[in-house]
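Note sheet for the following structure.
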């Protein structure tokens, strides 16, 4: 997918996936809000994971399995908009993938 237009790229990411996980710590704005609106419009599975309220990766695993997600789109605010979100998202996604892998063995 070669495009510099973030709106077009966002829509293609949603279209090409089976579901979208949004990781955030505040109300969605900008591209994150666009992502949510587009996922809802396309009626695809969506999970909004607020790092201030959630700390259970199992919730993401259950959502992933219940919706038979094969190709996931993971989105959220930029680090420059939400300092620390990269590190928090990295840990969440690492724990999530480890959990999925363990469940397959």
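Here are 67, 73, 58, 52: which of them is surrounded by 11 or more Cβ atoms within 10 Å (Cβ to Cβ) and over 13 Å from the mean Cα position of the chain (by Cα)? Don't jump to the end; show me each part of the working.
Details: 73 fails: over 13 Å from the mean Cα position of the chain (by Cα); 58 fails: surrounded by 11 or more Cβ atoms within 10 Å (Cβ to Cβ); 52 fails: surrounded by 11 or more Cβ atoms within 10 Å (Cβ to Cβ).
Just a single option satisfies the conditions, and that option is 67.
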Single residue of 57, 23 found to be in contact (Cβ under 8 Å) with a residue 24 or more places away in the chain, closer than 15 Å to residue 76 by Cβ and touching a helix residue (DSSP H, G or I) at 6+ places or on another chain (Cβ under 8 Å): 23
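Can you say whether residue 103 is out of contact with any strand residue (DSSP E or B) (no Cβ under 8 Å at 6 or more places or on another chain), under 22 Å from residue 13 (Cβ atoms) and not in a loop (DSSP other than H, G, I, E, B), as far as the supplied structure shows? Reasoning before the result, please.
Details: out of contact with any strand residue (DSSP E or B) (no Cβ under 8 Å at 6 or more places or on another chain): yes; under 22 Å from residue 13 (Cβ atoms): no; not in a loop (DSSP other than H, G, I, E, B): yes.
No: the conditions fail for residue 103.
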Being assigned to a loop (DSSP other than H, G, I, E, B), modelled with pLDDT under 95 and closer than 24 Å to residue 99 by Cβ is the filter here, so list the residues in region 1-58 that pass it. 25, 51, 52, 53, 54, 55, 56
Consider residue 76 carefully, then state whether it is at positive phi and out of contact with any strand residue (DSSP E or B) (no Cβ under 8 Å at 6 or more places or on another chain). no
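Within region 34-49, can you find the residues that are surrounded by 14 or more Cβ atoms within 10 Å (Cβ to Cβ) and without any contact (Cβ under 8 Å) to a residue 40 or more places away in the chain?
Within region 34-49, the first condition is being surrounded by 14 or more Cβ atoms within 10 Å (Cβ to Cβ), and the residues that meet it are 34-36, 38-39, 44-49.
Passing the criteria: 34, 36, 38, 39, 44, 45, 46, 47, 48.
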Within region 65-100, how many residues turn out to be touching a helix residue (DSSP H, G or I) at 6+ places or on another chain (Cβ under 7 Å) and either more than 12 Å from residue 22 (Cβ to Cβ) or part of a loop (DSSP other than H, G, I, E, B) (or both)? 7
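The values are calculated or read from the model by the stated rules, or taken from the named source; none is laboratory data. On a predicted model such as this, the values are computed, not experimentally measured, just so you know. Neighbour counts are summed over all protein chains in view; Cβ atoms, including those assigned to glycine, are modelled from backbone coordinates with ideal geometry.
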